[in-house]
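For reference, the structure is listed below as structure tokens.
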Amino acid sequence: MKNFDFLNPDNLGKEYKGFILLKIEDVPDYKCKSVFLRHKSTGLEVFHLIKPDHENLFAFAFRTVSKDSMGAAHIMEHSCLCGSEKFPLKEPFTTLGSQSIYTFLNAMTYPDKTVYPGASLVRSDYFNMMDVYADSVFFPKLTHDTFIQEGHRLEMDDQGNLSIQGVVYNEMKANFTTFYQIANDEILAAMFPDSYPAFSSGGDPADIPSLTYEHFLDFHKTFYSPDNCCLLLYGDISTADQLDFMDQKYMRRLEQKYNCTADVPYADQKLPYVKPEVKELLKLKKLDKSVFLEKTAPEQGATGNLAVIAKYTGRPDMEKYFLGEVLLGNDSSPLAKAIKESGLGDMPYTGNFGQFLEEFWVLGIGGIKEGIEKKVFALLEKQIQKLYKKGVSQKDIDSAVMGIDFNLREENRWWGPYSINIMEKALKGWVWGEDCTSQLDPITKFEALKERIKSDKQLVQKLIKKYFMNNEPECRLIVRPSADYLADRAKAETALVQKLGESADKEALKKDLERLHQNQARVETPEELACIPHTKVSELEKTVDEPKIELKTIKGADGSDIPLFISDEETNGIFYIDVLFPFDRLDPKYFMHVPFLSNVITNIGWNGERWDKCIAESACLMGDVWGRILVGSVYDAPQCQELAKKYEAYNFLGRKWIGVSGKALTQNAKETLELLARIITKMDFKDAARLKTLIQEQRAGKKASLVNDGQGLAFKRCTATWSEGYALAEILWGVTQLYTVAAYKEKDAKQILKQFEYIYRESLKAGGIIHVTADKDSLAKLMPMMETFAREAGITKLLPSKNYKLEDFLPYVVSAENVQGDHTKEALKTESQTGYSAVVIPGSQTLTKEAASELVYTNWLNGHIMWEKFRTTGGCYGAWAGIDSGEKLFKLSTYRDPDPEKHSDLLTDCLEEAAKTSLSDEDVEKAIVSCYGDAITPATPRDRGKQAFETFVYANNGLKQQRVDRLLEVQLKDVQDAAQRVVQNAAKESHKTIFCDKSKESYGKNLDLPL
Ligand SMILES: [Zn+2]
């Protein structure tokens, strides 16, 4: 038993502790082996991707499907995390999150499943997490209090006013606020009428209050059974150890709970098993004839109507990915270009909806004028016909192949470990009863497709016919922004509150709320919290890894020494390059234009060629090329100042940069560098027609993301007068930038280009630097080419900065005119169903004991008072405390906040309450461990290079070990002092900004957002 070899085919069909080994497979595309097992009495299925990666991941996934929008799946996801049999705490996940070394800790609701993944680099931590997760999903308490806290309830304030509250209720209100979110839902609903994608798996606030506690409990019974669970494992902890853990801690309890007395009849079935009732729910209903629909959506985020054609394309397929890249992969791709150049709208809306087993194409344009929808449909049809008849160019095919090859080779960490991406792919097959590995061979599939691309010159046309000209029914949909949309929803909500209020038993309600509020306010004792074990500071590895970077010099175009930064990382045959020029010798009046300029530079053409030809050329050669900005400051901590002194003569420290970045396969290095040099030196600023399109897109993009960017905008705003660095951030990316973007007029395109050319050329004249991230083999190939590149790209000696101060930037920060009352408070107003608040107060200098203590303190706050006051009680989706010790700041914020005005004051008030709370040594130890976890979170090779470079040019590199040393030295007394210091600092100075709906009462200074 001990030596059961899971990878030995002789063991297929045999069992290990009740788990039958059903499949062993190679997963070469992800350099893994995999095993698939089923527990014979409970039916629990396990799929382990075995790979020598220390960052282990597990995920408990359940097929959860609803044919209503009451949000049961989502409310269940939240509620499972609110206490379980073995961990009877208010929020074991939050407790876990505030004391463990995780690299991923979250839960997600999808339309067809709910997934609870966790990942850690530390074995003991991994099993601690797995224990809490398993108990939470299979044995949650699901009390009535939890249901009304996370789901919905009638809430009564001191004056007896009623409202509907609930964490999910408020979270989803924020989801129903912007145009494209709603438009997206409308398309899904149209394409899969009456089946689960047509309903909101997260819950529609209009329907959530209809969910009863009984229905909620039933939902758990139906879907959270072991025979509906997919347990995915990834990493280097042995299959045996993981199954031992499940066997010892869970399998007996599960057998008992689900009364599993015999083996399940499908115990040795090789494919995943899906319960018949769930299979029925998972069935997709498609349109049986073509339809034309007209819908409305909120105004927020829209620049006009949206018109789309949607058409079924069948199962997930590499062919479709390829065809999409050929036709739409970049701005110069034939269909993308036709849409952009039509001038009909400003928001191309195209792509394959690949979330479900049945997929569909969407082709459309947003931001169009009323009445021209038919023109949009006609244009799209005509273009498809034309492409089918004439085919596409070899360049379009080559660039698609390059793009896909590149994407399949590059490792990313969009929102957690790379294994999360693999997990999503595996679950796609698994949830629907197909092989777990059925979606895990994209590279193999693409290599096969490449052979067909080579041998069949008509392939693209055949695919166009197959996917766009098939006889599948289609949906034509027009979505119009409506000023009444949110108002109508608000009215309906008021009516619902009234109705619920009338039928409610006020006395019972009062009792319910009293009990809930008491529970919420109750602080758990250390004895209670002890049920979740934690890692000790003494167990932590003291030496931490920090990416290295090397500084060399090479001869530039003027014969002088040019700084070249080299990051040696495992990039898998890819190289990343940044070529940057300082723009800080210009007058600050130009700085506001740098963001749009950086967006324009690689998109407008060079060397006398049209922009589309240029983009096509670069797409055939490179993974991507883009304009980039890098700004920052050298902090005044002595360690940073010392580094600054050391490199002073180079002139690269603390500069504000604009430039070009790119990524490519090293095999194309020579041609890529030649092209980059051409882009940099031969940039054209002549194509006013192209700039007009880019202006529209810039505006539409900013508008579409306005509400989602709310928290960032609020923070930039409340730090705008803090320091030179923050003032610049406000000008480049904050509310001030929204005004800049709103002021770009298409008719001024020529003038704008002239100004852009001036900024760009002046920056180039000021000299430049180069940074390369690549693996050893790539570097060996690249280094001999760098001097030629520097010469051809015209890079010269760096001239010194003008060293601007805060006062030089302030005149360019937009100020609020409508001031009523308090100057330290500001409200950013737009149409939004959700809000944010941000507060900053002075903090301690980086690399000091004080800063480390404040960091530990914020970690404790986040796991305790912030969570309790704002999420549990306040109905916010999140609330967070943090520091920016480089800028000597202590920061507080709420996220998706139903009442940002009230909460922005509560943020500072609760610091006083927190300072009175007596912390224990253990509290502090847990918080240190958690901060340490953040510090050692792995990064991709590309990001390691990026971090090392960005810290180097701001004299902040090589200091991570010192930071961690300070952190590990923090004592209880230091944190107590930090708590007192923060309260005193807040009394001296604080800046507050909220982001809220325009109908809210005024709040200090008021600023209506443009766009
Ligand atoms: Zn949620």
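The values are calculated or read from the model by the stated rules, or taken from the named source; none is laboratory data. These figures come from a predicted structure and were not determined experimentally. Here the Cβ positions follow ideal geometry from the backbone for every residue, glycine too, while neighbour counts run over all protein chains shown.
Residue pairs whose Cβ atoms lie under 6 Å apart, separated by 6 or more positions or on different chains, with the first residue in the range 809-820 and in a strand (DSSP E or B) and the second at pLDDT 75 or above, are N818/N1006; V819/K1005.
Taking the conditions (1) under 28 Å from the mean Cα position of the chain (by Cα); (2) surrounded by fewer than 17 Cβ atoms within 10 Å (Cβ to Cβ) in turn, K646 satisfies each one other than (1).
Within the span defined as the range 930-951, one or more residues are touching a residue at least 12 places away in the same chain (Cβ under 8 Å) and within 16 Å of G843 (Cβ to Cβ). Checked against the criterion of being farther than 30 Å from I404 by Cβ and not aromatic (F, W, Y), the candidates E55, E25, E77 yield just one match: E77.
For the range 33-66, a tally of residues being in a loop (DSSP other than H, G, I, E, B) and over 26 Å from Y418 (Cα atoms) returns 6. Annotation: of all residues in the range 910-923 being surrounded by fewer than 21 Cβ atoms within 10 Å (Cβ to Cβ) and among the charged types (D, E, K, R), the one that is farthest from the ligand (Cβ to nearest atom) is D921. Restricting A948, A987 to residues that are modelled with pLDDT under 95 and part of a helix (DSSP H, G or I) narrows the list to A987. Selection of helices (runs of 4 or more DSSP H) fully inside the range 402-472 by the criterion of at least 2 residues being over 26 Å from the mean Cα position of the chain (by Cα) and not small (G, A, S) returns 442-455, 459-468. Residues of the range 899-909 that are surrounded by fewer than 21 Cβ atoms within 10 Å (Cβ to Cβ) and either under 29 Å from D636 (Cα atoms) or touching a helix residue (DSSP H, G or I) at 6+ places or on another chain (Cβ under 6 Å) (or both): T908 alone.
Residues in the range 67-115 that are over 21 Å from T212 (Cα atoms) and in a helix (DSSP H, G or I) were compared, and the one that is nearest to the ligand (Cβ to nearest atom) is F93.
List the number of the failed condition for W415; all other conditions in (1) surrounded by 14 or more Cβ atoms within 10 Å (Cβ to Cβ); (2) modelled with pLDDT under 95 hold. Of (1) surrounded by 14 or more Cβ atoms within 10 Å (Cβ to Cβ); (2) modelled with pLDDT under 95, only one is false for W415: (1).
The strands (runs of 3 or more DSSP E) falling completely within the range 288-359 that include 1 or more residues that are hydroxyl-bearing (S, T, Y) and farther than 30 Å from L486 by Cβ map to 305-314.
There is no residue in the range 854-869 that is out of contact with any Ser or Thr (no Cβ under 9 Å at 6 or more places or on another chain), farther than 18 Å from Q984 by Cβ and not in a helix (DSSP H, G or I).
For N803, the conditions (1) surrounded by fewer than 20 Cβ atoms within 10 Å (Cβ to Cβ); (2) closer than 30 Å to A669 by Cβ are fulfilled apart from (2). Return the residue satisfying two criteria in turn: it lies in the range 299-320 and is closer than 24 Å to D288 by Cα and small (G, A, S), and of such residues it is modelled with the lowest pLDDT. Restricting to residues being closer than 24 Å to D288 by Cα and small (G, A, S), the top hit is G314. Scanning the range 131-185 for residues that are under 20 Å from the mean Cα position of the chain (by Cα), in a loop (DSSP other than H, G, I, E, B) and within 16 Å of the ligand (Cβ to nearest atom) yields a count of 2. Would you point out which residue out of L211, L231, L217 is away from the ligand (no atom under 16 Å from the Cβ) and surrounded by 18 or more Cβ atoms within 10 Å (Cβ to Cβ)? Within the list L211, L231, L217, the selection yields L231. With the requirement that a residue be crowded, with 22+ Cβ neighbours inside 10 Å and assigned to a helix (DSSP H, G or I), what does the range 713-724 give you? Residues satisfying the conditions are L713, A714, F715, K716, R717, C718.
What pairs come out if I take residues in the range 62-79 that are without any contact (Cβ under 8 Å) to a residue 60 or more places away in the chain and pair them with residues that are near the ligand (Cβ under 10 Å from one of its atoms) and assigned to a loop (DSSP other than H, G, I, E, B) whose C-beta lies under 9 Å away, six or more apart or interchain? Close Cβ pairs (under 9 Å, with a partner that is near the ligand (Cβ under 10 Å from one of its atoms) and assigned to a loop (DSSP other than H, G, I, E, B)) amount to E77/A107. Restricting the range 535-564 to residues that are among the hydrophobic types (A, V, I, L, M, F, W, C) and surrounded by 21 or more Cβ atoms within 10 Å (Cβ to Cβ) leaves a set whose member that is nearest to T796 (Cα to Cα) is I562. Under the condition of being under 17 Å from N957 (Cβ atoms), part of a helix (DSSP H, G or I) and among the polar types (S, T, N, Q), the residues counted in the range 595-646 number 2.
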